[in-house]
Every structure is written in structure tokens, then in C-alpha cells.
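Any read-out appearing in this document is the output of simple, stated calculations on the displayed coordinates, not a laboratory observation. Just so it is clear, the structure is predicted and the values come from calculations on it, not from any experiment. Every residue, glycine among them, receives a Cβ derived from its backbone with ideal geometry; neighbour counts consider all protein chains shown.
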Amino acid sequence: MSPSPTVDLRSDTVTKPGEAMLAAMAAAPVGDDVYGEDPTVEQLQDVVADLLGHEAGLFTPTGSMANLIAVRCHVPPGQELLCDASAHIVRAELGAHATLGGVTTRTWASSGAAAAATGESPGPGNQSGPGQQSGSGQLPGQLRADDVMAMVSPHSSPYLVGTACIATENTHNFAGGTVQDLHELQRLADLADRAGVPIHMDGARLWNATAASDATLADFARTATSVQVCLSKGLGAPVGSVLVGPADFIEQARAWRKRFGGGMRQVGVLAAAGLYAIEHHQEDLATDHARAKLLAERCLDAAPGSVFCESVQTNMVMVRVPDADVMVSRCAQAGVAVWAPDKHTIRLVTHRDLTGECVERAADVLCTLLADMR
Ligand SMILES: *Cc1c(COP(=O)(O)O)cnc(C)c1O
């Protein structure tokens, strides 16, 4: 008997295009998109802008480039972007905003996510973890509009750097895929607008946020001046993001995309995969979310205190372990690939290329190893 293939829970970016998506890509009408002549790219940009309730859209090769372009448009060199200390923008984009945009950043600490960033895994076993935050009803990674606004300093002086933009993240990746509270986002939008500071939303997994709540994509997206959404995460397209915003902002973003080397030609073949994913894969996200909950409950059973189940709202599970490196290698030996965001946490991400059987097998492996490690 051949060994079962590895169950890959490292990320939802590992999904591969299926036959129907490949057929849609092969059939896509294309043109030179630098001239604005690719009909499939135009269609994708319009579809996403409509879904998000914004005027215009721009297709980009990656979410990182969409964030880079948006922040570069909002923030002049030498001014600042405010964001969460665990935001993808400051932790996982390799200093791009400083290196390529001259942007300085200042961060707020959100509950749980900040703990994860310092190696203190969020969880009820941790004194400073979200288990202790139940009084305020705050999940890891959720922002508080008042905390953010307290940091805003919009007018630069000879002494102080000026705040030119605020970045929000929904869902919050390093906090374990938690959904931002819509009411709090709306409050922030209102206060920031009065202060004259635009908001950019990193909505890499906004599709998941919507699937996990009553709010629509547009409800969330209208709380920001610009929003980027990834097609290459849970939706399962091989590549691409769309940045949306006001028409004049997107025109400026188009120039920055070219400047950063992201002007692409007959790229409708990739946009077609995104359109296919939006049309056919969105409703499957609920399955990913149910499977993440199942993994969370099984892990919690095997190792009480290892998971804060309330924060498992979408397709991620953060599991507290005594030694994350050891756990990652033991999982790998048992045919389950996981990632360790810090030395006491492993992250499990569910996605559309898993079967129910894969998830059960991974749960069995995790339970055995977690029980062993205690
Ligand atoms: C994945 C991700 C991005 C960047 O997307 P890439 O296409 O990998 O560059 C940005 N923000 C968040 C929160 C992400 O999870």
C-alpha cells in the first residue's frame, strides 16, 4: 500500500486550479491590458468593484502588490501609515512600504494578535490572552476605533510625522482569521473621515469574513477608501488580487502598478480564473469554516486549553503547543503539513483542495501528537 499523500494545512494558497477553471482560462478573450484592452481583465475589475460597492477596480499579480500600490497612493514618502502590530502589511511584506514607498509605520497592539506576535500564544491558558478578554467581547485581532483614532496625528510639523492613512485587515491573518466587527469598522470610518485620513482595507480574505457573518462584501468594503481582495487564497484561483476604490484613485494606482513592474499584457487568462472562482467557489468557503471548527474542537478535546474555539470564525485554527518546531516536524512525519507562526503556536488552514477524509485523518494525527506532548 502506498502511503497517503500529505494533508497540507499550511495555507489556503496551496490550492490548484481544477479542470473547469483551466477550461475557463483557455477560453478567455484577451488583449493588451497595459493599453486597457483585455476584456476579461476589464470584466473582473468591474465585477469585483460592483461586489465591493466601489467605483473602479485594478487587477494586480499579488495582494502584496495591491497593498503596496494602495499605500503608496495614500501616503507620501516620509509620512506614516497606522496599522495593527500583527498586520500582514508590516509582518509579511518584507519592508516593501518602507523600501519602495518611503513610508513609515506606527502600530497599535490588538488583543491576542499582539500576543501571537511576541510568542505568547493566544488562548485561555494565557493570562494576557483573549480568554481573559471576554468582558469586552474582544476576539484576537479586532481593532477598537478609539484606540486607533488616539494615534492619529494628521498634520505633520517640524517635529512630528503626519498620519496619511490607516490600514485595517479583514479577516485578520495572524490573529487566526478573525472577522472585524462591522460596527467598529463603521465607527472608525466615520471618525477617520472627519479627521481627513483615508483607510485602506487589506481584505485578502474578505470573502471569508462575509461567509462567516451577516455582513455583505460591500458592507465591509464601504468602511474603507480602498480595499484589496485576494483571488488566490480560499477562492482557489492560481494568482491575483483586485484593488478597488474611487475612479481617480484607481487611475493613479494604475500608474503605480506599471512603475512597480506590474503592468501585464494578455493577462485575461489569469483574470478568467478569478472570475470563475468568484462565481463557483465562494459558497464552498462555508465548508472550509465548518472543517476548521471540527479541527479546533478535536484539538481542544485532545489537549484542553490548546485552542480558543470562539476565535475560530473562518478557515484558520491557532493551536497552542509546548514546542511548535517539534510539533511541525512530528506532524510532517505523520503526513500533515502545518506552519508555526511563533514558538508556541501552530496554524491550521482549511481550503478547497482538502476532502472530508483528509480533515479527519489530520485531526487524528493532531490529536495523537497533542496528547503525546502533554
Ligand atoms: C496573503 C495575504 C496578503 C498578500 O497576498 P499575496 O498575494 O500572497 O501577496 C496580504 N494580506 C493578507 C492578510 C494576506 O493573508
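See the values below:
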quantity	calculated
Residue list for region 299-318, filter: of a type outside the set (Asp, Glu) and assigned to a helix (DSSP H, G or I)	Cys299, Leu300, Ala302, Cys309, Ser311
Lone qualifier among Ala253, Ala271, Ala237, Ala296 - being surrounded by 16 or more Cβ atoms within 10 Å (Cβ to Cβ), not charged (D, E, K, R) and not in a helix (DSSP H, G or I)	Ala237
Check on Pro322, without any contact (Cβ under 8 Å) to a residue 40 or more places away in the chain, closer than 15 Å to Arg374 by Cα and either assigned to a loop (DSSP other than H, G, I, E, B) or under 23 Å from the mean Cα position of the chain (by Cα) (or both)	no
Identity of the residue in region 144-198, crowded, with 16+ Cβ neighbours inside 10 Å and charged (D, E, K, R), that ends up nearest to Val319 (Cα to Cα)	Glu169
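For every residue, the table says whether it meets (1) touching a helix residue (DSSP H, G or I) at 6+ places or on another chain (Cβ under 9 Å); (2) over 17 Å from Arg352 (Cα atoms); (3) small (Gly, Ala, Ser); (4) within 14 Å of the ligand (Cβ to nearest atom).
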{"site": "Leu217", "(1), (2), (3), (4)": "yes, yes, no, no"}
{"site": "Val229", "(1), (2), (3), (4)": "yes, yes, no, yes"}
{"site": "Gly245", "(1), (2), (3), (4)": "yes, yes, yes, no"}
{"site": "Gln252", "(1), (2), (3), (4)": "yes, yes, no, no"}
{"site": "Met264", "(1), (2), (3), (4)": "yes, yes, no, no"}
{"site": "Gly268", "(1), (2), (3), (4)": "yes, yes, yes, no"}
{"site": "Gln282", "(1), (2), (3), (4)": "yes, no, no, no"}
{"site": "Ala296", "(1), (2), (3), (4)": "yes, yes, yes, no"}
{"site": "Cys299", "(1), (2), (3), (4)": "yes, yes, no, no"}
